[in-house]
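Structure, as structure tokens:
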Amino acid sequence: MPCPTVGDARAPRGEGRAVVTAVIYTEKLTKYYGRQRGVVDLDLEVPAGEVFGFLGPNGAGKTTTIRLLLDLIRPTSGSATVLGHHSRHDGVELRRRVGYVPGELALYSQLTGAENLRFFASLRGGVDWTYVDELAERLGCDLGRRVRDLSTGNKRKVAVVQAFMHRPALLILDEPTAGLDPLVQHEFYHLLGEASATGQTVFLSSHLLPEMQRACDRVAFVRDGRLLAVEDVSAVAGRAVHEVELTFAGPPPTGPIGALPGVSGLVADGERLRFRYAGPFDPLVKLVAGSTVLSLTSREPDLEDVFLTYYGDELDGHGIGEAGALALTPDGTDDAAAAAEDAERGETPGPAANAPAPNHQRGL
Amino acid sequence: MLRGVFLKSLRDHRRALIWWSAGLCAFVAMECAIYPSVRRSAVGLDQYVKNLPEFITKAFLGSIDFSTPPGFVNAEVFSFMAPLLFLVFAVGTGARSIAGEEEAGTMDLLLAGPVSRRRVTLEKFAFVVLGVAVLSIVLFAALLVGTNAAGMHLGAASLARGCLLLGLLGLAFGSLAFAVGAATGRRALATAVSGGLAVALYLLNALSQLAEGLRPFRVLSLFYYYGGAAPLTRGLRAADLSVLSLTTAVLLAVALLAFTRRDVRA
């Protein structure tokens, strides 16, 4: 995708990790708060024009990473480069081209939404106010009320307008949809799509897999401060495990369903079937189409489940960092999984064997 | 008024500044109103002061002389009430500047804009200076009008000296609160440290009039350079102005160094 903001120096993707090509580029980025872990050895590379998801449970280090990128906090070691600007040395120019929605959102509560925006716009030398009005209208954001009288969701709308209003080259959004109602979320995803279409890059952090599947091109998985892997969203969708419950008008087709690949933990309860299902839904839907289905519910997997199905093995073993680093090559998704398996079996000599054992808890 | 950090501070605090100014004017008006009756009983008052325990007169009233206009204004305005008011204002404003913004959580969005921490620090500090300056000028104007109306005729130069010293004293403690807030992001800590130190240094200077042993240490107290209980009659000395201004400058430098280096609190 052409991206005017990064310039012509951009090399084609796949030529290794080159700082010029990436909108976000971190090298062994590490942050400890005293002895408490923030993020460890984070190697990230986000190319221009991509909607890049940053997925992990609460406390994984997502907000830490984002605040490091913006130079709000300083790395213990390693470095981050954003839009070609070093986060520590060139922060003002870096932030001039970034729009940000903080995770822990706080606006000036005694000011109205519009006054907040005017202030933040003044720091940027002014913005196109017709665009602000357009954004506010699309999100249903009442800019005339004092922020302290707004609900969480409405505050977040003001923050979203604030992030988009100067048409930044990079949007860094930390859990931006928290508190937004579904219709507004829908509009918000539209905005992300449009931003990406006009060459803006989006870095979207979330702990919700469906949001990632909805909005992102690729997803980075983080846990316990470490990058586990970066995957195409389409690959994630095909492998996610759903909790499925089917109710039939009559005896359920227990046998055929139990035989379907991807089905596990099948429990029959009268005319109801409950099971876990991994993979695309098409074969399942085609199979049950022969029976009368009264109801079908499919619960999105929560993040712990996703991590377990993806990385259940690696999470207990070594070499997570290596798997993550390998997966950063654009076509390295499968290599990463394979490498991780190798590491697990202890068959890969070299760096993987030396990688520190992650200090994590299963949390289940 | 919402263009940049300095003007926003001014807008945020414009009502507070107006109320503080009004309060100072009311205080001065009240003092000037009681002056005639104090003068009539000046002999009695001086007798009363002389009968007070020695440690009180020496430590807190110094060369107090209610019978002369400068003595009256020194005692009633400059020895205690005005420094108290200025310190409360300056320490409060200084502590709120960086630490307050950080505790409110808005520092993240502010610093996510294309502004350096240095600029945010300087603009916020500029507002502290402006606020103290406004109060000093208001106090000067109110005293000029009030004392003349009460027939005291102190002279503009003498009042200006007192208000200048007062402003510099307030600014020094405001800078301390500003610097502690910039270094820690904790507003309560900044207030407590500055307030506590102000009380300690005030007592140090006051008690050094009384205890010979403390006398060498009074140079450590900013109140000594302010003129203790009698700034109006102290005269303007370059050393006083330098120490008070340098203290402020050093604390601003500390604030800049500390805030540009540390993590912003989440």
Quick one: would you say B:Gly113 is of a type in the set (Gly, Ala, Ser), modelled with pLDDT of 95 or more and not in a helix (DSSP H, G or I)?
yes
Within the range A:107-145, the count of residues that are in contact with a helix residue (DSSP H, G or I) (Cβ under 7 Å, 6 or more places away or on another chain), among the small types (Gly, Ala, Ser) and touching a residue at least 40 places away in the same chain (Cβ under 8 Å) comes to 2
In the range A:86-106, what count of residues is obtained for those that are in contact (Cβ under 8 Å) with a residue 12 or more places away in the chain and of a type outside the set (Ser, Thr, Tyr)?
13
Could you grab me the full set of residues in the range B:181-220 that are farther than 30 Å from B:Arg262 by Cα and touching a residue at least 12 places away in the same chain (Cβ under 8 Å)?
B:Tyr202, B:Leu204, B:Asn205, B:Ala206, B:Leu207, B:Ser208, B:Gln209, B:Leu210, B:Phe217, B:Arg218
For the range B:233-253, name all the residues that are closer than 19 Å to B:Ala95 by Cβ and hydroxyl-bearing (Ser, Thr, Tyr).
B:Thr247, B:Thr248
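Say whether the condition of being more than 22 Å from B:Val115 (Cβ to Cβ), under 18 Å from the mean Cα position of the chain (by Cα) and either surrounded by 14 or more Cβ atoms within 10 Å (Cβ to Cβ) or in contact (Cβ under 8 Å) with a residue 24 or more places away in the chain (or both) is met by at least one residue in the range A:168-175. Even if it seems obvious, please write down each step before you answer.
Filtering the range A:168-175 for residues more than 22 Å from B:Val115 (Cβ to Cβ) gives A:175.
Applying the additional criterion that residues be under 18 Å from the mean Cα position of the chain (by Cα) yields A:175.
Subset that is either surrounded by 14 or more Cβ atoms within 10 Å (Cβ to Cβ) or in contact (Cβ under 8 Å) with a residue 24 or more places away in the chain (or both): A:175.
Looking through the range A:168-175, at least one residue is more than 22 Å from B:Val115 (Cβ to Cβ), under 18 Å from the mean Cα position of the chain (by Cα) and either surrounded by 14 or more Cβ atoms within 10 Å (Cβ to Cβ) or in contact (Cβ under 8 Å) with a residue 24 or more places away in the chain (or both).
Any idea which of B:Arg11, B:Arg39, B:Arg15, B:Arg3 is touching a Pro at 6+ places or on another chain (Cβ under 9 Å) and more than 23 Å from B:Leu201 (Cβ to Cβ)? Talk me through it step by step, then tell me what you get.
On the way: B:Arg11 fails: touching a Pro at 6+ places or on another chain (Cβ under 9 Å); B:Arg15 fails: touching a Pro at 6+ places or on another chain (Cβ under 9 Å); B:Arg3 fails: touching a Pro at 6+ places or on another chain (Cβ under 9 Å).
Just one listed residue meets the conditions, B:Arg39.
Can you find, within the range B:35-44, the residue that is farthest from B:Ala149 (Cα to Cα) among those that are touching a residue at least 24 places away in the same chain (Cβ under 8 Å) and not hydroxyl-bearing (Ser, Thr, Tyr)? Before the answer, list the steps.
Initially, the range B:35-44 is screened for residues touching a residue at least 24 places away in the same chain (Cβ under 8 Å), giving B:35-36, B:38-39, B:42-43.
Imposing the further condition that a residue be not hydroxyl-bearing (Ser, Thr, Tyr) reduces the set to B:36, B:38-39, B:42-43.
Working: B:Pro36: 11, B:Val38: 15, B:Arg39: 15, B:Ala42: 19, B:Val43: 22 Å.
Restricting to residues being touching a residue at least 24 places away in the same chain (Cβ under 8 Å) and not hydroxyl-bearing (Ser, Thr, Tyr), the top hit is B:Val43.
Anything in the range B:206-232 that is touching a helix residue (DSSP H, G or I) at 6+ places or on another chain (Cβ under 8 Å) and over 17 Å from B:Leu168 (Cα atoms)? List them, or say none.
As a first pass, look at the range B:206-232 and keep what is touching a helix residue (DSSP H, G or I) at 6+ places or on another chain (Cβ under 8 Å): B:206-210, B:214, B:217-218, B:220-232.
Those that are touching a helix residue (DSSP H, G or I) at 6+ places or on another chain (Cβ under 8 Å) and over 17 Å from B:Leu168 (Cα atoms): B:Ala206, B:Leu207, B:Ser208, B:Gln209, B:Leu210, B:Leu214, B:Phe217, B:Arg218.
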Hits in the range A:177-210 - residues which are over 17 Å from A:Cys141 (Cα atoms), in contact with a Gly (Cβ under 8 Å, 6 or more places away or on another chain) and at pLDDT below 95:
A:Ser196, A:Gly199, A:Ser206, A:His207
Of the residues B:Leu171, B:Leu214, B:Leu222, which is touching a Ser or Thr at 6+ places or on another chain (Cβ under 9 Å) and surrounded by fewer than 19 Cβ atoms within 10 Å (Cβ to Cβ)?
B:Leu214
Quick one: B:Val28 ticks every box in (1) within 14 Å of chain A (Cβ to nearest Cβ); (2) touching a residue at least 24 places away in the same chain (Cβ under 8 Å) except a single one, so which number is it?
(1)
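Please state which one of B:Ser21, B:Ser9 is within 14 Å of chain A (Cβ to nearest Cβ), part of a helix (DSSP H, G or I) and among the small types (Gly, Ala, Ser). Write out each step before concluding.
Numbers: B:Ser21 fails: within 14 Å of chain A (Cβ to nearest Cβ).
Every option except B:Ser9 fails the conditions.
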Inside the range A:104-138, can you point out the residues that are more than 7 Å from chain B (Cβ to nearest Cβ), surrounded by 19 or more Cβ atoms within 10 Å (Cβ to Cβ) and closer than 21 Å to B:Ala104 by Cα?
A:Leu105, A:Leu111, A:Thr112, A:Gly113, A:Ala114, A:Asn116, A:Leu117, A:Ala121
Failed item in (1) within 14 Å of another protein chain (Cβ to nearest Cβ); (2) at pLDDT below 95, with B:Glu102 passing the rest
(2)
Of all residues making up the range B:195-225, the number that are under 13 Å from the mean Cα position of the chain (by Cα) and over 18 Å from B:Leu251 (Cα atoms)
2
Per the list (1) in contact with a Pro (Cβ under 7 Å, 6 or more places away or on another chain); (2) loosely packed, with under 15 Cβ neighbours inside 10 Å, residue check on A:Pro261 breaks on (1)
How many residues are away from chain B (no Cβ under 14 Å) and not in a loop (DSSP other than H, G, I, E, B) when one looks only at the range A:49-85?
10
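Would you be able to tell me the number of residues in the range A:151-162 that are surrounded by 23 or more Cβ atoms within 10 Å (Cβ to Cβ) and within 13 Å of chain B (Cβ to nearest Cβ)? Walk me through it before giving the result.
Step one: of the range A:151-162, the residues surrounded by 23 or more Cβ atoms within 10 Å (Cβ to Cβ) are A:156-162.
Still in the list and also within 13 Å of chain B (Cβ to nearest Cβ): A:156, A:158-162.
Count: 6.
Is there a residue being over 16 Å from the mean Cα position of the chain (by Cα) and assigned to a strand (DSSP E or B) anywhere in the range A:97-108?
First, pick out the residues of the range A:97-108 that are over 16 Å from the mean Cα position of the chain (by Cα): A:97-99, A:104-108.
Adding the requirement that they be assigned to a strand (DSSP E or B) leaves A:98-99.
Yes, the range A:97-108 contains a residue that is over 16 Å from the mean Cα position of the chain (by Cα) and assigned to a strand (DSSP E or B).
Looking only at residues in the range A:86-95 that are surrounded by fewer than 19 Cβ atoms within 10 Å (Cβ to Cβ) and of a type in the set (D, E, K, R), which one is nearest to the other protein chains (Cβ to nearest Cβ)?
Our first condition is that a residue be surrounded by fewer than 19 Cβ atoms within 10 Å (Cβ to Cβ); within the range A:86-95, this holds for A:86, A:88-90, A:92-93.
Subsequent filtering for residues that are of a type in the set (D, E, K, R) retains A:88, A:90, A:93.
Working: A:Arg88: 11, A:Asp90: 11, A:Glu93: 7 Å.
That would be A:Glu93.
The values are calculated or read from the model by the stated rules, or taken from the named source; none is laboratory data. Since we're looking at a predicted model, the values are computed, not measured. Cβ: placed from backbone, ideal geometry, glycine included. Neighbour counts: every protein chain shown.
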